[in-house]
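The block underneath contains the structure these notes are about, expressed in structure tokens.
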Amino acid sequence: MVAGMSGRTACRVVLSAVGILLWYGELGRAAEPVVLAGPAMGTTYRVTLAADVPGLTRGELHQEIEAVLARIDIAASTWRQDSDASRFNRAAVGEWVEVGVDLARIVDLARQVHGDTDGAFDITVGPLVRLWREGRTPTDEELLAARSLVGMKLVESRAAEAGRPAALRKTREGVTIDLGGIGPGYAVDSIGQRLAAIGSPGHLVELGGEARAWGTAAGGRSWRVAIRGAGGGHGPAVVELAAGEAIAFATRRPGRSPVEPRTGTPPTGGQGTFMARAESCAVADALAVARAVTEK
């Protein structure tokens, strides 16, 4: 897959069968859960509700979810020419690009995780990823040129103020951002927060293998998910998620390895799937990517 929020992107390592979440909102219960699902960002989303939301039909709940996804798409998609992210990527060096609340928040979160991981997570890594995806070993000169376009210090943020929206600008020509390693997790957070705001007492939200829990499942039980490929040959491993807890996965495999943004090269370890847990799915998403590029 290639860059773009619609396709598990350039800075997003590709998820394999190992680590993808299978859904068992309440393992062992006979009652069918309330499930809403559909396509999103080149993958699928799945929402499991503890109960129907009073006063809203399931069709109306679908519309609420789709509205959140549409809002994030116009903020962060690199496939849409009219998105905030695409407008920033096309902008000239030094030009302030006004952006909506969602992209401003995503970039702020990306900057936070970038700092927390000493630069292992970086939404500007696209030039390096594209260089290695050409199917050959880049020259030293090519690596040096690509590395000069990578680094969160090359993206400046301006906070929203009264009468003026937030804005971003690049400090070097050719700098671009790709939100595939954090955007899906942000979408999970945003869907779950919207459902809570309109009255859902508990729900589990998943998008492309990233998940977060709100409240509890029916009967007051913790939400539980099964992770395919992690059960040591004895079936899927079961993970419990407390209210507000998120989990995410990133995978590296031959031919589709992530790139370490600080060195400009793929990680030296073998293939594998890496998991991260956090109180925000956006943060868990980004931390899983950082683990995939640093762990042996």
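Only the coordinates and a few stated rules stand behind these numbers; no lab work does. Small disclaimer: the values here were computed from a predicted structure and weren't measured. All Cβ positions, even for glycine, are placed from backbone atoms using ideal geometry, and neighbour counts span all protein chains on display.
Per-residue counts of other Cβ atoms within 10 Å, averaged by peptide: what ranking do you get for 89-95, 76-82, highest first?
Most protected by this proxy first, the peptides run 76-82, 89-95.
Given the peptides 202-210, 181-189, arrange them by the average over their residues of other C-beta atoms within 10 Å, most packed first. Write out the running numbers ahead of the final one.
Values: 202-210: 26.4, 181-189: 30.1.
For the peptides 202-210, 181-189, the packing ranking is 181-189, 202-210.
Once Lys and Arg get +1 and Asp and Glu get -1 on their Cβ, which of T268, M152, A85 lies farthest toward the positive end of the dipole of the chain?
The residue sitting most towards the positive pole is T268.
Using a Gaussian network for the chain with springs between C-alpha atoms less than 10 Å apart, which of these wobbles most: V35, V47, V107?
Comparing V35, V47, V107 in the GNM, the peak value goes to V35.
Let a ≥ b ≥ c be the square roots of the eigenvalues of the Cα gyration tensor of segment 160-249; is it rounded (a/c under 1.5), or, if not, prolate (a/b larger than b/c) or oblate?
On the way: a/c = 4.57, a/b = 1.55, b/c = 2.94.
Verdict is oblate for segment 160-249.
Once you list every other residue whose beta carbon is under 9 Å from the beta carbon of I74, what net charge do they have if Lys and Arg are +1 and Asp and Glu are -1?
Details: positive: R71, R80; negative: D73, D82, D84, D102.
Result for the neighbourhood of I74: -2.
Is the shape of segment 48-197 rounded, prolate or oblate, going by the alpha carbon gyration tensor and its root eigenvalues a ≥ b ≥ c, with a/c under 1.5 for rounded and a/b larger than b/c for prolate?
Values: a/c = 2.40, a/b = 1.77, b/c = 1.35.
Verdict is prolate for segment 48-197.
Which of the listed residues, V113, A70, W96, is farthest toward the dipole's positive end in the chain, when Lys, Arg count +1 and Asp, Glu count -1 at the beta-carbon?
Towards the positive end, the residue furthest out is V113.
By the gyration tensor of its Cα atoms, with a ≥ b ≥ c the square roots of the eigenvalues, what is the shape of the chain: rounded for a/c under 1.5, prolate for a/b over b/c, or oblate? Each step should come with its number before you reach the end.
On the way: a/c = 2.32, a/b = 1.36, b/c = 1.71.
Note, shape of the chain comes out oblate.
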